[in-house]
1. Closer than 15 Å to Val85 by Cβ, at pLDDT 95 or above and either more than 15 Å from the chain's Cα centre (by Cα) or surrounded by 14 or more Cβ atoms within 10 Å (Cβ to Cβ) (or both): which single residue out of Gly167, Gly151 fits that description?
2. Of the residues that make up segment 90-101, is at least one more than 20 Å from Thr288 (Cα to Cα) and of a type outside the set (Gly, Ala, Ser)?
3. Pick from Gly283, Gly273, Gly301, Gly255: which is in contact (Cβ under 8 Å) with a residue 60 or more places away in the chain, closer than 20 Å to Leu182 by Cα and out of contact with any strand residue (DSSP E or B) (no Cβ under 8 Å at 6 or more places or on another chain)?
4. Taking segment 136-150 on its own, how many of its residues are without any contact (Cβ under 8 Å) to a residue 24 or more places away in the chain and either in contact with a Lys or Arg (Cβ under 7 Å, 6 or more places away or on another chain) or of a type outside the set (Gly, Ala, Ser) (or both)?
5. Condition first: in a loop (DSSP other than H, G, I, E, B) and in contact with a helix residue (DSSP H, G or I) (Cβ under 7 Å, 6 or more places away or on another chain). Now tell me which residues in segment 217-253 satisfy that.
6. Out of the residues in segment 250-270 meeting the condition of being in contact with a Leu (Cβ under 8 Å, 6 or more places away or on another chain) and of a type in the set (Gly, Ala, Ser), tell me which one is nearest to Val166 (Cα to Cα).
7. Gly197: outside any loop (DSSP other than H, G, I, E, B) and out of contact with any Ser or Thr (no Cβ under 8 Å at 6 or more places or on another chain), yes or no?
Amino acid sequence: MKSRSKINLLTAVCVLMLPSLSAAEPTGEELIRQAKEMNKKARELQKEAKKLEYRGKVLKFAPQLEQALSEMTVQPVKKKRKLLVYSKTTGYRHSSIPYASMVFKKLGEATGAFSVDTSENQDVFRKGQIHDYDAILMLSTTGEPIPKGKGQEEFLKFIASGKGLVGIHAATDCHAKWKGYLDVMGGIFDVHPWGSGSVVTLYNEEPEHPCSHQVPHGYQIKDEIYQYKHDEHFTRDKLRILLSLDLKGPNMKKGGMKRKDKDYAVSWVRKSGPTRVFYTNLGHNESTFVDKVALQHMLSGIQYALGDIEADATPSAKLGKLPPNQ
């Protein structure tokens with residue numbers, strides 16, 4: 001009898017426990033809800049992490065930036081200049097964009113060469129607000145940052161008006177199928193054999209040119225460098241190449257190098273109708289924007305695009321200048 005009583009008691013306990021066990025087991029809907037909440041919190045944490053990372057970079061590079069800004073040489077301005085720094089991306093997003101935007105603002109303030117507005121709003125093109133500026137700086141824009149239709153029409157009107165265009169780094173990694181943009185900018189990305197950790201050696205093809213005389217021949221910098229598609233856009237028949245890669249430098253031969261002509265340009269200027277264009281591939285890394293040589297090179301290019309620096313944009317081919325690595 002005692003044995004049977006124990007069995008009945010155990011059975012009763014188990015039966016009483018069943019509802020609580022069932023209630024503790026989450027449903028499929030509940031698990032999905034929990035996952036959504038966790039993803040939301042993860043996104044919020046990611047935003048906070050990016051803010052902290054940005055603040056850390058500002059503090060880390062502050063002494064170098066202050067020193068670099070104090071050593072800039074600026075061409076006297078002919079009138080007040082307004083520069084739009086546009087950094088919309090619909091493709092890969094460079095982490096250096098927020099830092100570079102801040103640097104360009106400080107560069108304008110420190111030199112008095114221009115004032116800066118920053119934007120990622122495509123309406124600046126759609127609504128024709130770009131015409132309020134003396135030049136547009138495309139800061140590592142990727143994908144299709146300039147909206148089709150009205151936006152692209154206004155961009156082409158801006159170019160036809162004879163103002164300025166500046167491209168930094170990934171400004172040649174966007175609008176790969178828009179001939180109007182490629183005709184102006186002068187080249188399109190075709191992989192980067194030299195990654196962000198590469199220390200590259202620069203060859204100054206124009207040591208007397210106002211936009212590149214500040215770059216010592218053989219200057220080395222840690223940055224990601226593109227090669228460009230072999231097409232009608234990237235050609236010495238249209239571009240005045242300022243800086244190229246010096247393949248004789250240490251560790252410069254990389255896998256993925258495609259160009260048979262060994263023409264690995266880094267910076268150039270050109271005239272597209274009445275518009276002055278300056279482009280440099282430098283700018284993947286935040287550290288590039290506190291490198292006083294690179295920053296001075298960018299400042300001179302911006303001032304050329306704005307119209308305060310007079311510089312010859314005769315294409316390199318017309319001057320008989322071949323790629324330095326041939």
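The values are calculated or read from the model by the stated rules, or taken from the named source; none is laboratory data. What you see is a predicted model, and the numbers here were worked out from it, not measured in a lab. Using ideal geometry, Cβ is built from the backbone for each residue, glycine included, and neighbour counts are taken over all protein chains shown.
1. Among Gly167, Gly151, only Gly167 is closer than 15 Å to Val85 by Cβ, at pLDDT 95 or above and either more than 15 Å from the chain's Cα centre (by Cα) or surrounded by 14 or more Cβ atoms within 10 Å (Cβ to Cβ) (or both).
2. yes
3. Just a single option satisfies the conditions, and that option is Gly273.
4. So the answer is 1.
5. Correct list: Tyr219, Asp223, Tyr226, His233, Arg236, Asp237, Leu239.
6. Ser267
7. Against the criterion (outside any loop (DSSP other than H, G, I, E, B) and out of contact with any Ser or Thr (no Cβ under 8 Å at 6 or more places or on another chain)), Gly197 does not qualify.
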